[in-house]
Amino acid sequence: MNLNILTIDCLTEDPQATLAELRRKLSPRGDIVSAAGRQRTIALFGEPLSPRAVVQRICSEVRDRGLEALLEYTSRLDQKELTLDSMRVSTEELAAAQAAASPALLHTLRTIIGNITEFQQAILHEDVRLVRQNGTSRVELRQRYLPLKRVGICVPGGSAAYPSTVLMTAIPAKVAGVKEIAVVVPPTEFGGYNPAMLATCAEVGITEVYRVGGAQAVAAMAYGVQGLPRVDKIVGPGNLFVALAKQYVFGDVDIDSIAGPSEIVLLADDSADAKLVAADLLSQAEHNPGSSVLMTWHGPLIEEVRKELTRQLANLPRGDLALASLNDYGALILTKDAAQAIELTNLLAPEHLHISTNDPESILGKIQNAGAIFLGHNTPVAVGDYIAGPSHVLPTGGTARFANGLCVNDFLKRSSVICYNRDALDDAADDLCRLAEVEGLTAHSASVKIRLEDT
């Protein structure tokens, strides 16, 4: 294996431009497509459309033609002939998958479900009530939270099965009180025909599972088609086409984010073990695409990690995929000191940040931008991906600068509730009317004054 990972020495070069280019490559803008992808697009659509144009065509056709277009694109893109009946996984299939699952798998699923439920319940928003009482003047203010009625979940299934995505999306929704959850997953051996996937859905209590994926599935959930009613919000990861489709339908429905490739930035000092660091970098690189960046101010660690990456790649079943990710999106960066490493981390705003240092808490307080943060040598990102409790659906592509990871509260709607009595309105009238008249909205002030006139 020819590891050719980018190496930056901040003692002799400015890393800003290089890291900006890396961030651009990871952004799901939809303006880059491989030669093979372009040829496949031409074969399917008769012209070299960009991924964004492909998504616009698919979504608009599903919106206009409904189930017919959904099944047509499933046939053309996934080479699977489905009908209204076979598109949806039957309750018998879900029950059979659950019954056939090994006791060990069911035990694992129930442990993780418990962990996620415990954490999400702990952070669940509660209604707030505030009363301002001044003599006979009384104002009551409330913030009321209600769960969304219906949510759609995208689960990948192209090159691997991801039952963990079901857990990390559906459990927060269920804790929020969402009653209807629809899961869409590609009609593949890793998706809608995967026993572990179906067993997980059954264990979580999901009864709506559809064997459709890609942009066409996103559009079907956003607009509704025969057999698959529209949802209020779409969450979950996917490839570039899924990300662009979610962006396209946003406004007709809510979405969690426009996700790009998986990312990890690992901050390490001289207490870090190169073997563990390399393993953590590879854990995200094997997603392919996946970005793995080491930042250290301990010079010898760079070469030690490079050697470990080469050694461990040779033993990974997905080593070829991880190698491609490291060469395309990885970096080993020697910073001047910890302060520069922190500065560059906040610039990258990574999805996952692993602080593998002797005193991670001292660095944590200086981190502004990261989706999920993992502290210490014994907290690999994998614990967050699978078992800890916070959702692994996280902001990517630098959006951790302003966006958050998915959680139970993202499945809640909130409404303010306001109640003034007559005396409270009288007390507030002067200020309210003055501001309304400054804005030229005299009907606003009139709606107050008419209530205060003597009858």
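Descriptive notes on the structure:
- Of residues in the stretch 9-35 being assigned to a helix (DSSP H, G or I) and of a type outside the set (D, E, K, R), the one modelled with the lowest pLDDT: 35
- Summed over the stretch 428-444, residues that are more than 24 Å from residue 136 (Cβ to Cβ), surrounded by 12 or more Cβ atoms within 10 Å (Cβ to Cβ) and not β-branched (Val, Ile, Thr) total 5.
- If you go through the stretch 377-429 and keep only what is among the β-branched types (Val, Ile, Thr), farther than 28 Å from residue 177 by Cα and out of contact with any Pro (no Cβ under 9 Å at 6 or more places or on another chain), you end up with just 381.
- Matching entry among 200, 169 (being crowded, with 24+ Cβ neighbours inside 10 Å, hydroxyl-bearing (Ser, Thr, Tyr), modelled with pLDDT of 95 or more and over 16 Å from the mean Cα position of the chain (by Cα)): 200
- Number of residues in the stretch 113-152 that are surrounded by 14 or more Cβ atoms within 10 Å (Cβ to Cβ), closer than 30 Å to residue 203 by Cβ and among the β-branched types (Val, Ile, Thr) equals 4.
- Search result, residues across the stretch 69-107 that are crowded, with 18+ Cβ neighbours inside 10 Å and among the β-branched types (Val, Ile, Thr): 74, 89
- Qualifying positions in the stretch 411-427 - of a type in the set (Gly, Ala, Ser) and either touching a Gly at 6+ places or on another chain (Cβ under 9 Å) or loosely packed, with under 14 Cβ neighbours inside 10 Å (or both): 415, 416
- Within the stretch 224-247, being touching an Asp or Glu at 6+ places or on another chain (Cβ under 7 Å) and in a loop (DSSP other than H, G, I, E, B) holds for one residue alone: 232.
- Just one of (1) among the aliphatic types (A, V, I, L, M); (2) surrounded by fewer than 22 Cβ atoms within 10 Å (Cβ to Cβ); (3) under 18 Å from residue 175 (Cβ atoms) fails for residue 408. It is (2).
- Scanning the stretch 154-170 for residues that are assigned to a loop (DSSP other than H, G, I, E, B) and of a type in the set (S, T, N, Q) returns a single hit, 159.
- Residue 186 being touching a Phe, Trp or Tyr at 6+ places or on another chain (Cβ under 7 Å) and modelled with pLDDT of 95 or more: no
- Residue match in the stretch 334-349 (condition: more than 26 Å from residue 162 (Cβ to Cβ), part of a strand (DSSP E or B) and touching a strand residue (DSSP E or B) at 6+ places or on another chain (Cβ under 9 Å)): yes
- For the stretch 309-323, taking the residues that are more than 30 Å from the chain's Cα centre (by Cα) and assigned to a helix (DSSP H, G or I), the one that is surrounded by the fewest Cβ atoms within 10 Å (Cβ to Cβ) is identified as 311.
- Scope the stretch 248-279; condition in contact with a Phe, Trp or Tyr (Cβ under 9 Å, 6 or more places away or on another chain), outside any strand (DSSP E or B) and at pLDDT below 95; matching residues: 258, 261
- You will find that of 276, 301, 240, the residue that is among the hydrophobic types (A, V, I, L, M, F, W, C) and under 14 Å from the mean Cα position of the chain (by Cα) is 240 and no other.
- Residue check for residue 353: farther than 28 Å from residue 232 by Cβ and surrounded by fewer than 19 Cβ atoms within 10 Å (Cβ to Cβ): no
- Verdict on residue 336 being within 23 Å of residue 395 (Cβ to Cβ), surrounded by fewer than 22 Cβ atoms within 10 Å (Cβ to Cβ) and assigned by TED's automatic domain parsing to the domain that holds residue 22: no
- Lone qualifier among 394, 375, 432, 364 - being in contact (Cβ under 8 Å) with a residue 40 or more places away in the chain and on the phi < 0 side of the Ramachandran plot: 394
The values are calculated or read from the model by the stated rules, or taken from the named source; none is laboratory data. Please read all numbers here as calculations on a predicted model, not as lab measurements. Don't worry about glycine lacking a Cβ; one is built from the backbone with ideal geometry, like all the others, and counts go over all protein chains shown.
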